[in-house]
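A quick write-up on the structure given underneath.
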Amino acid sequence: MIDPVRPEVKDAIERCLEAGIRPIMITGDHIDTAIAIAKELGILNENVRAVSGSQLDGMDDETFEKEFQGISVYARVQPEHKTRIVTAWRKIGKVTAMTGDGVNDAPSIKAADIGVGMGITGTDVTKNVADMVLTDDNFATIVGAVEEGRRIYDNIRKAIQFLLASNMSEVIAIFMATLLGFTILEPVHLLWINLVTDTFPALALGMETAEEDIMKRKPRSSKAGIFSGGMGVDVVYQGCLVALLVLVSYFIGVYLEFGKLIIEDSAHGITMAFLTMSMAEIFHSLNMRSQRASLFSIKKQNTVLWLAALGTFLLTTLVCEVPFLAGAFGFTTIGILEYAIAMSVGFCVIPVVELVKLFQRIKARKSK
C-alpha cells in the first residue's frame, strides 16, 4: 500500500538538490514503502541509506553522530526520534526546517530553526509552535518560499550596495574638492541627489525578479554578513569610480569655461558635475540588477526600474535646463556639447563595471 506522490513534488525535490538543500524523509510508513517513495523522488541513492525507528533505537548517541549524515530516510519513527534527528543536524551547524501536521510533530517542529506546520490537516498545537504554516499543505510551496526569500535577500543587498556606493562617491568627490580648494557640489545639489536620484532607483531595485541561477546557488552561511561575497569591495571600487567620473566632468567644465585647466570654482563645472553624478547613479542602478551577471545577459526587464530611471533623468534635466529651476539651484546654462559630455562620462560607469564583473566571473570559474 502506498500514498501516491503529488506530481509537483519530484520537481520540487530536484530544485532543492540544485539549491544545496538536502531533503530528509521521516515517515511512519513501513521502511519498504518509504524506500520506494524516496527512490522515486530522488531522495535515496547509493550514497545514502534508510533506517527504521527500531534501528535508530539501537544506535547510541556517539554512533548516531557518526552515521546520521549518511541517512536520508527514516521509517516507523517515534516523536522523540524526530527531535533527535533535528538536533543532530543543528549540532553540526546546519539550518534545519521541519514539517509536520500532528501533535506528535510539535516537539521536533519547535526544535528546528524553521518549523513548518500544515494549514489544512495540521492540528492547532502544530500550527501554534510552527514558524510558518502552509495553507495548501504542499511541499512545493516550501521550495517556492525559499526562492522568494533568496530573491528578497538579493534585492536588499542590491539596494544597499547601490545606496552605499552612491553616497561614498559623493563623500569622496566633495572631500577631494575640499582638499583642492574648490566647490564641486552645493548642499542643495546633494539633497536633490539623495532624495530623487538615489531613492527611486533603490526602491525599484527592490522589485527586481529572481535571477535565473538563484536556485542553483549554494545556501549562504547563517553567519555570513551583509557585505559577504565581495560586496564590500564592490561598494568601495564603485564609489571611487563614480567620484572619479564626477571630478573628470567638473574639470572638463572648467576647461570649457576658462579655456584651460585650473583649480577654480566654475559654474559650468558644477553643473556638469551634478549632471554626471546624477546620470552615473542612474546608469549604475542598471548595473545593480545583478551583482555578478552581465546587465546584457538578463532577459527579464524591470519595468519599474526603467520608469524610475527615466523619471529621474527627466527631472534632473529639467532642473538643469529650465531657467527658473536652474537659477534656484545655482546652475548655469550649458550647451549641447557640455550636456552630451556630462552624459557620456556618467555612462562610463556601465562598461567599467561590466569589465570588472567579467573578471570576477572568470576568477570564480577558476576557483571552482
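Looking at (1) surrounded by fewer than 19 Cβ atoms within 10 Å (Cβ to Cβ); (2) touching a residue at least 40 places away in the same chain (Cβ under 8 Å), find the lone condition where A173 falls short.
Condition not satisfied by A173: (1).
Do you know which residues across the range 49-89 are under 21 Å from T126 (Cα atoms) and part of a loop (DSSP other than H, G, I, E, B)?
Correct list: R76, V77, Q78.
Name the residues in the range 263-292 that are farther than 16 Å from E170 by Cα and assigned to a helix (DSSP H, G or I), would you? If you could, list the steps in order and put the result at the bottom.
In the first step, residues of the range 263-292 are kept if they are farther than 16 Å from E170 by Cα; the result is 263-268, 286-292.
Answer for the range 263-292, where residues must be farther than 16 Å from E170 by Cα and assigned to a helix (DSSP H, G or I): A267, H268, L286, N287.
Can you tell me which residue within the range 190-221, out of those that are of a type in the set (S, T, Y) and part of a helix (DSSP H, G or I), is farthest from the chain's Cα centre (by Cα)?
Within the range 190-221, the subset of a type in the set (S, T, Y) is 197, 199, 209, 221.
So of that shortlist, the ones also part of a helix (DSSP H, G or I) come out as 197, 199.
On the way: T197: 21, T199: 18 Å.
It comes out as T197.
Taking the range 1-32 as the region of interest, how many residues are crowded, with 16+ Cβ neighbours inside 10 Å and outside any loop (DSSP other than H, G, I, E, B)?
If we filter the range 1-32 for residues that are crowded, with 16+ Cβ neighbours inside 10 Å, which is where we start, we get 9, 12-13, 15-16, 19, 21, 23-27, 29, 31.
Next, only the ones that are outside any loop (DSSP other than H, G, I, E, B) stay: 9, 12-13, 15-16, 25-27, 31.
Count: 9.
Just to check your reading of the model, which residue among V345, V349, V319 is within 30 Å of E212 (Cα to Cα), surrounded by 14 or more Cβ atoms within 10 Å (Cβ to Cβ) and in contact (Cβ under 8 Å) with a residue 24 or more places away in the chain?
Numbers: V345 fails: within 30 Å of E212 (Cα to Cα); V319 fails: within 30 Å of E212 (Cα to Cα).
None of the other options fit; the residue is V349.
Provide a single number: the residues in the range 124-146 that are in a helix (DSSP H, G or I), more than 26 Å from the chain's Cα centre (by Cα) and under 18 Å from P23 (Cα atoms). Steps first, answer last, please.
From the range 124-146, those in a helix (DSSP H, G or I) are 124-129, 139-146; that's our starting set.
From the residues that got through so far, the ones that are more than 26 Å from the chain's Cα centre (by Cα) too are 124-129.
Those left that are additionally under 18 Å from P23 (Cα atoms): none.
Count: 0.
Give the range 88-109 a look and list any residue that's surrounded by fewer than 17 Cβ atoms within 10 Å (Cβ to Cβ) and of a type in the set (D, E, K, R), or say none.
Answer for the range 88-109, where residues must be surrounded by fewer than 17 Cβ atoms within 10 Å (Cβ to Cβ) and of a type in the set (D, E, K, R): R90, K91, K94.
Out of (1) among the hydroxyl-bearing types (S, T, Y); (2) within 32 Å of the chain's Cα centre (by Cα); (3) in a loop (DSSP other than H, G, I, E, B), the odd one out for T121 is which?
T121 satisfies every listed condition except (2).
Are there any pairs, at least 6 apart or on different chains, whose C-beta atoms fall under 8 Å, with the first in the range 225-247 and under 17 Å from V171 (Cβ atoms) and part of a helix (DSSP H, G or I) and the second at pLDDT below 95 and aromatic (F, W, Y), and if so, which?
V235/F227
Can you name the condition, by its number, that T333 falls short on among (1) among the polar types (S, T, N, Q); (2) assigned to a loop (DSSP other than H, G, I, E, B); (3) under 27 Å from Q360 (Cα atoms)?
(3)
Only one of (1) exposed (fewer than 14 other Cβ atoms within 10 Å of the Cβ); (2) of a type in the set (A, V, I, L, M); (3) over 19 Å from A309 (Cα atoms); (4) more than 16 Å from the chain's Cα centre (by Cα) is not met by A224, so which one is it?
Only one criterion is unmet by A224, namely (4).
Among the residues of the range 50-69, is any within 23 Å of E147 (Cβ to Cβ) and either aliphatic (A, V, I, L, M) or buried (at least 16 other Cβ atoms within 10 Å of the Cβ) (or both)?
Looking only at the range 50-69, we keep the residues that are within 23 Å of E147 (Cβ to Cβ), and these are none.
No: the range 50-69 contains no residue that is within 23 Å of E147 (Cβ to Cβ) and either aliphatic (A, V, I, L, M) or buried (at least 16 other Cβ atoms within 10 Å of the Cβ) (or both).
Need pairs with beta-carbon distance below 8 Å; first residue within 13 Å of V352 (Cα to Cα) and within the range 281-297, second part of a helix (DSSP H, G or I) and among the acidic types (D, E); sequence gap 6+ or separate chains.
Here the result reads N287/E354; S294/E354; L295/E354, each pair linking the range 281-297 to a residue that is part of a helix (DSSP H, G or I) and among the acidic types (D, E).
The values are calculated or read from the model by the stated rules, or taken from the named source; none is laboratory data. Source: prediction; values computed, not measured. Quick reminder, even Gly has a Cβ in these numbers, built from the backbone with ideal geometry, and neighbours come from all protein chains shown.
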